[in-house]
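**Q** Below is one structure. I have some questions about it.
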Amino acid sequence: LRMTDMRRALLWGVFSMSLVMLFHRWNRHNGQPSMFDPTQPAASAPAVNGSAGVPAPVAGTSAAAPAAAASAVAVPGTATATTSETVEIRTDTVKATLDTRGGSLVRVELLGYTDEAGDGKHNITLLDRSAQRAYTAETGLITATAGATLPNHFTVMTLLPGERTLADGQNELKLQFAATAGDVKLVKTYTFRRGDYSIGVQQQVQNTGAAAANVQAYYQLVRDGNAPPNESSFYSTFTGPAVYTEAGKFQKIEFKDIEKRSATDKPGHETQADNGWVAMVQHYFTSAWLLSDRAQRELFTRKVGNNLYAVGMTVPLGDLAPGATKALDARLYVGPQDEKKLESLAPGLDLVKDYGWLTILAKPLFWLLHKLHSMIGNWGWAIVALVVLLKAAFYWLNASAYRSMGKMK
């Protein structure tokens with residue numbers, strides 16, 4: 001009898017916790033406050049380097065980088081006071097702000113996802129460059145040629161004419177920046193698509209000089225080490241950089257580990273591959289750089305300033321002949337941790353969704369919930385169906401226990 005009581009209590013505990021977590025996730029899906037931690041902890045202001053709040057540049061390659069590039073892959077900063085401007089892009093899914101300095105993405109509001117802080121009427125802001133947050137997406141070019149400077153995320157670029165709002169009936173919106181440094185011209189094109197949180201980012205490189213140009217492209221996400229404002233005190237989830245390769249699989253890197261790392265320490269994740277992606281993970285949301293093709297790349301994590309950290313990739317384009325042009329296509333995902341969507345974008349990208357210590361319960365429950373939703377077509381009724389199934393399973397297990405006890409008697 002005591003064993004039966006223990007089993008019943010355990011089943012009721014699992015059932016109750018499942019209901020609580022489902023209700024919590026349903027509230028979060030609809031932009032409601034967290035039932036575990038509705039208050040907003042104060043975050044210390046991030047420290048940023050460079051002019052106009054531009055974070056510190058890529059500071060070099062890892063020890064595993066090719067010898068030809070190891071000595072001169074740092075992105076040089078700028079001491080000039082050249083001013084830049086920002087431009088706002090609006091689609092049906094995002095409101096994005098880009099800076100002509102580097103053509104960097106410095107703010108992204110997710111339309112349709114309301115912030116649980118305040119009155120619940122403001123959009124979730126994931127990427128942000130403000131007094132409270134430093135979180136940006138940057139791209140540019142570097143070279144192994146000593147003394148040469150290529151367009152990077154410090155370079156003030158020219159904003160090319162074009163639409164700024166996705167019009168009704170329009171499926172995509174393009175925004176272009178152009179800049180020339182030395183003998184290399186860079187045209188950076190952002191493509192925003194209707195109903196999509198994945199942004200196309202193309203870097204088109206042209207050698208305008210009379211000699212071959214050695215070029216590498218880089219993609220990085222820079223973020224402060226502060227916890228997100230809606231972090232729950234009830235259960236812990238991961239916030240920070242992540243790297244994925246076929247060899248190393250999904251690897252999370254804590255901000256504190258990057259902080260403690262010396263120049264000679266190994267980074268604790270794969271650094272060389274011809275596949276994979278990098279991401280910055282945050283509770284319920286994520287950003288990630290994804291390359292369209294298999295290409296050799298270096299994956300890095302590093303500290304770039306006081307309470308400021310970067311995760312990124314560098315991709316060699318090789319020696320570009322005079323007059324030659326080469327384009328490299330990538331995608332930048334900035335949005336919710338929708339497992340099905342993430343699975344379709346890149347292998348292993350769905351792993352950024354972190355359930356914390358509740359993974360053992362949450363993972364199978366949400367798998368079953370998605371299956372029910374695919375059959376029913378309504379999240380509310382899918383949850384009801386899941387509860388009914390859990391309740392039926394509980395009574396079946398309970399009845400089995402009583403039958404076993406009856407046989408023992």
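Nothing in this text is a laboratory measurement; each read-out follows from the coordinates by a stated rule. Please read these numbers as outputs of a predicted model, since none were measured by experiment. So basically every Cβ, Gly included, is an ideal-geometry build from the backbone, and we count neighbours across all protein chains shown.
**Q** Quote to one decimal, in nm, the extra length available between Asp168 and Arg194 on full extension: 0.36 nm per residue of separation minus the C-alpha distance between them.
**A** 8.4 nm
**Q** Give me the percent relative contact order of region 247-359, please, defined on Cα pairs under 8 angstrom at least 6 residues apart.
**A** It rounds to 25 percent for region 247-359.
**Q** Quick one: length gained pulling Ala146 to Val388 fully straight, 0.36 nm per residue minus the C-alpha distance?
**A** 80.4 nm
**Q** So who's got an amide H within less than 5 Å of the one on Phe285, skipping anything under 5 residues away but keeping other chains? H placed 1.01 Å off N, in plane.
**A** Gln337
**Q** Another one. Suppose R0 equals 51 Å. What FRET efficiency, 1/(1 + (r/R0)^6) with r the Cβ-Cβ distance, do Ser374 and Asp319 give to the nearest 0.05?
**A** Computed FRET efficiency for Ser374 and Asp319 comes out at 0.55.
**Q** Can you tell me the order of 274-281, 133-140 when each peptide is scored by its average per-residue count of other Cβ atoms within 10 angstrom, highest first?
**A** The peptides rank, most packed first, as 133-140, 274-281.
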